[in-house]
Amino acid sequence: MERIGAADVGKLGFFSGILVRVIYCATKRKVGKVVMPVRVAAHSPRILWGYGQMEQSQMGARQVEAALKELAQIRVATLIGCPFSIDIGSAVGRQHGISGEKLLALPDYQTSPVFTATERLVLEYADGMSRTPVEVSDSLFCKLQEEFTEAQLVELTSAIAWENYRARFDHALGMESEGFSEPGYCALPARSAEAASRQAAG
């Protein structure tokens, strides 16, 4: 359950209210409604405005295939265990062509035949970037440099880092899923998926 309720836009100042309403409109155009993380972030209009600007920048960055970035971001959301990010990420990922089979196979991406070598490489990068502290080996980065240009690496790294921000922000504030993946496949939190796999094997 959300730990902070939605901001009352009517109580915001004139300039702050304009900023928040602009982001609300953009969010509604993008996902069909103003989601709870955005409503909560509106308590700090300048933070919400920065959030919106970053979202626009991420959407406008197109040097890396969208499905590849979405796959990495869904992996991040499952590692952090954020219900909202997993839910909306799975839905957006399916819109970009990520199959339900891949969503369900994410916990076993290193051995699953449904992933390409490039996808496995990017998912490994997402894993390393999502650890605390970050663990990205020189050998892994060298492999990434063989696949991507410097500009693409900046875009990919930014997408993974941005999802770490979103998922951690939302999870810390108790954001729940909002039904974006219904009906359809949804990725599982990494810990839950690993536990289910161990139970099935045992």
Task: Lone unmet requirement of (1) touching a residue at least 24 places away in the same chain (Cβ under 8 Å); (2) out of contact with any Gly (no Cβ under 8 Å at 6 or more places or on another chain) for residue 103 - done: (2)
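Given segment 38-145, what helices (runs of 4 or more DSSP H) lie entirely inside it while holding 2 or more residues that are in contact with an Asp or Glu (Cβ under 7 Å, 6 or more places away or on another chain)? Working first, answer last.
Details: elements: 45-60, 66-80, 83-95, 100-105, 117-130.
Per the criteria, 66-80, 83-95, 117-130.
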Task: Sole residue being open to solvent by less than 20 Å² (accessible area, probe 1.4 Å), more than 30 Å from residue 11 (Cα to Cα) and at pLDDT 95 or above, chosen from 38, 76 - done: 76
Open item on the list: Just checking, does segment 107-117 include any residue being touching a Phe, Trp or Tyr at 6+ places or on another chain (Cβ under 6 Å), at pLDDT 95 or above and surrounded by 11 or more Cβ atoms within 10 Å (Cβ to Cβ)?
Closed with: yes
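Can you name the residue in segment 15-33 that is among the small types (Gly, Ala, Ser) and part of a helix (DSSP H, G or I) and is also nearest to residue 170 (Cα to Cα) among such residues?
Step one: filter segment 15-33 for residues among the small types (Gly, Ala, Ser), giving 16-17, 26, 32.
Within this subset, residues satisfying the condition of being part of a helix (DSSP H, G or I) are 16-17, 26.
On the way: 16: 22, 17: 22, 26: 19 Å.
Filtering first and then ranking leaves 26.
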Open item on the list: So residue 62 passes all but one of these: (1) among the basic types (Lys, Arg); (2) surrounded by fewer than 20 Cβ atoms within 10 Å (Cβ to Cβ); (3) over 22 Å from residue 125 (Cβ atoms). Which condition number does it fail?
Closed with: (3)
Open item on the list: Every residue in segment 1-14 that is open to solvent by 20 Å² or more (accessible area, probe 1.4 Å) and either free of Cβ contacts under 8 Å to residues at least 12 places away in the same chain or part of a loop (DSSP other than H, G, I, E, B) (or both), please.
Closed with: 1, 2, 3, 4, 5, 6, 8, 10, 11, 12, 13, 14
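Taking residue 154, is it free of Cβ contacts under 8 Å to residues at least 24 places away in the same chain, aliphatic (A, V, I, L, M) and closer than 28 Å to residue 3 by Cβ? Full working, then the answer.
Working: free of Cβ contacts under 8 Å to residues at least 24 places away in the same chain: yes; aliphatic (A, V, I, L, M): yes; closer than 28 Å to residue 3 by Cβ: no.
No.
The values are calculated or read from the model by the stated rules, or taken from the named source; none is laboratory data. Note that the coordinates shown come from a computational prediction; the quantities given were computed from them, not determined experimentally. Every residue, glycine as well, gets a Cβ built from its backbone with ideal geometry; the counts of neighbours run over all protein chains shown. The protein model used for the area step is the full one, side chains on, heavy atoms only, and it has no ligands, DNA or RNA in it. Shrake-Rupley method; radii C 1.70, N 1.55, O 1.52, S 1.80 Å.
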